[in-house]
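First the structure, in the form of structure tokens, and then the observations on it.
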Amino acid sequence: MTQIVPATIAAPSAPRALTLHFPDNTLLSLLLGDHDRHLVRIEQGLGVRVNCRGNRMAITGDPARVEAAQSAINGLYRKLERGEGLSLSDVDAAVRMSEIEDPRLPLSDLPAIRTKRGAVGPRSPGQATYMEMLGKHEMVFGIGPAGTGKTYLAVAQAVAMLTAGKVDRIVLSRPAVEAGERLGFLPGDLKEKVDPYLRPLYDALHDMMPGEQVIRRMGTGEIEVAPLAFMRGRTLAHAFVILDEAQNTTSVQMKMFLTRMGEGTRMVIAGDLSQVDLPNGVRSGLRDALETVEGLPGIGVCRFDKRDVVRHPLVARIVDAYEQRAEAEKETARRGRAIPEAGTA
């Protein structure tokens, strides 16, 4: 006779309570934020309860979440101890970084990109991985949704290597796909025609170095910003080359770009495969390249997801909503194909 053993249901983890002590009440008030808005953000982001009385802060919740909240709060307090400011975006970044599962990356040892405007650090687990790749690989693909810092961090790495003398110039490029790369009908001279497509790259540059330096280095050719069509026939040596919006290249354009790489050159290819603007039936060169070169020595591929979005928290929710809709449409299409097959069987 077979004995039936009731299934064992794992009991949920017992809530944990942890108390933190802070020696400086002035810094503690900055940590809390106006009307405790920083603590509210941590509670919402990590699903814990945080109460503060005097110089003591009590965290209550699931043990893993309590540990993550402790890590985030301690990291923010250390930031204040170094004399740095604190904003809601810093709090959001600390919440994301507190959930890093890789034991090789404690918050104190995360990679940073040093520029003359200061250090640029990761604000999500995906960014930490991406920054490691930028420092190690000759060619890096950054794939993921808007707001994950793919281009911004690549420009930061490029500026850091240029100012350190590790490369001789920076080349930034995007496909002007909205105009079909036939820019003649647009008003103005060549610069005025292409600038609207390259504006995000200029913005990132100005965040990394003083405006007069950007202008001077562009005048000397140390920094070049140009549409992808202008890359044909060139060999780029001792340069840091970034291709932004790479999902809007064709397969021919992407192969042309990748083969511009010369001696001492680093390349970063950034794009979002969910936002392809190419005509129907035209295959994205970014997708084609990933299927062709991923896994080759010297090439790194970093895939971001909605958890790495570092813009307004609503952006991450918007990205998630579009992903869920796309998955639902795929499932509906799959079921639609399966029904006729079943009927003909």
Long-range amide H partners of ARG266, meaning residues 5 or more apart or on another chain whose placed amide H is closer than 5 Å, are ALA239, PHE240, VAL241
What nm distance separates the two modelled labels at ARG56 and ARG335, each placed 7 Å from Cα along Cα→Cβ? 5.5 nm
Report the accessible area of GLU291, computed with a 1.4 Å probe over the heavy atoms of all protein chains in place, in Å² rounded to the nearest 10. 130 Å²
Over the range 55-100, give the accessible area per residue in Å² for a 1.4 Å probe, as an integer. 42 Å²
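The values are calculated or read from the model by the stated rules, or taken from the named source; none is laboratory data. On a predicted model such as this, the values are computed, not experimentally measured, just so you know. For neighbour counting, all protein chains shown are included, and Cβ atoms are generated from backbone atoms with ideal geometry for every residue, glycine included. Only protein heavy atoms, including side chains, enter the accessible area calculation; ligands, DNA and RNA are left aside. Shrake-Rupley method; radii C 1.70, N 1.55, O 1.52, S 1.80 Å.
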